[in-house]
1. Just give me the residues in the range 144-165 being closer than 17 Å to Ala125 by Cβ and either of a type in the set (Val, Ile, Thr) or assigned to a loop (DSSP other than H, G, I, E, B) (or both), in sequence order.
2. Regarding Ser114, is this residue surrounded by fewer than 16 Cβ atoms within 10 Å (Cβ to Cβ), within 27 Å of Gly47 (Cα to Cα), assigned by TED's automatic domain parsing to the domain that holds Asp46 and of a type in the set (S, T, N, Q)?
3. Taking Ile124, is it under 30 Å from Asp167 (Cβ atoms), without any contact (Cβ under 8 Å) to a residue 24 or more places away in the chain and surrounded by 12 or more Cβ atoms within 10 Å (Cβ to Cβ)?
4. When the range 125-170 is examined, which residues are found to be at pLDDT below 90 and in contact with an Asp or Glu (Cβ under 8 Å, 6 or more places away or on another chain)?
5. Would you confirm whether or not the range 71-81 contains a residue that is of a type outside the set (Gly, Ala, Ser), touching a residue at least 40 places away in the same chain (Cβ under 8 Å), at negative phi and out of contact with any strand residue (DSSP E or B) (no Cβ under 8 Å at 6 or more places or on another chain)?
6. Look at the range 128-144 and say how many of its residues are on the phi > 0 side of the Ramachandran plot and without any contact (Cβ under 8 Å) to a residue 24 or more places away in the chain.
7. Quick one: in the range 74-125, which of the residues that are basic (Lys, Arg) and assigned to a loop (DSSP other than H, G, I, E, B) is farthest from Lys57 (Cα to Cα)?
8. How many of the residues making up the range 18-31 are at pLDDT 85 or above and either under 18 Å from Trp93 (Cα atoms) or assigned to a loop (DSSP other than H, G, I, E, B) (or both)?
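The values are calculated or read from the model by the stated rules, or taken from the named source; none is laboratory data. For clarity, every value in this text was computed on a predicted model and none was experimentally measured. Quick reminder, even Gly has a Cβ in these numbers, built from the backbone with ideal geometry, and neighbours come from all protein chains shown.
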Amino acid sequence: MKTLILALALTIPLAAETPPVQEITVKTEVPSPAWNLAIESIHKKDGKLLVVTRASKSEGIFTQQITTAKASAKLPNKIADIPREIYLLDATWKTPEHVHAVTQEELDTILAGSTQIYKVKTEIASADFLELSLEEAEELAKKNGLKYRIVEVDGQPRPITMDLRMDRFNFHVENGKIVKVTKG
């Protein structure tokens, strides 16, 4: 009797190494604690990072007291160390020297020829689908990598699974338009 010995080589791919990241932070003085700051996008042009921020005011009553607002984003180390210019949209006050208050039109001119390297993902809410055609709603969901299903068409329920998924949109359709959206 002959014995056959087989040697198997098992290769297990390791997870792709993620590049080290560094958090960049933008700080500026604002006229009251009601004002918030958010980084919307970051572009690269002429060896500089152009950091686009937006100011927004919270509802409510706040003291008129100069305070500091800040926003941050994580970028790969090799990009985060590039010199940066900060542009602020919607500022209604005099900004410090290191922050350039600009209008959207001015910003469009500044960003011409730049390469966008970071953009904040915007949350899609149920209300964003209302009054869209079914095709438009499906396109919006697919474009943003969202799960969805059609649960009712013209008042007639569709067969659905009973699993609860809070990351899934349920579309109610009447006359080809989304009239109600739930999650689950």
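1. Across the range 144-165, the qualifying residues are Asn144, Gly145, Leu146, Arg165.
2. In short, no.
3. Against the criterion (under 30 Å from Asp167 (Cβ atoms), without any contact (Cβ under 8 Å) to a residue 24 or more places away in the chain and surrounded by 12 or more Cβ atoms within 10 Å (Cβ to Cβ)), Ile124 qualifies.
4. Leu140, Leu146, Lys147
5. yes
6. Selection size over the range 128-144: 0.
7. Lys121
8. Counting residues in the range 18-31 that are at pLDDT 85 or above and either under 18 Å from Trp93 (Cα atoms) or assigned to a loop (DSSP other than H, G, I, E, B) (or both) gives 6.
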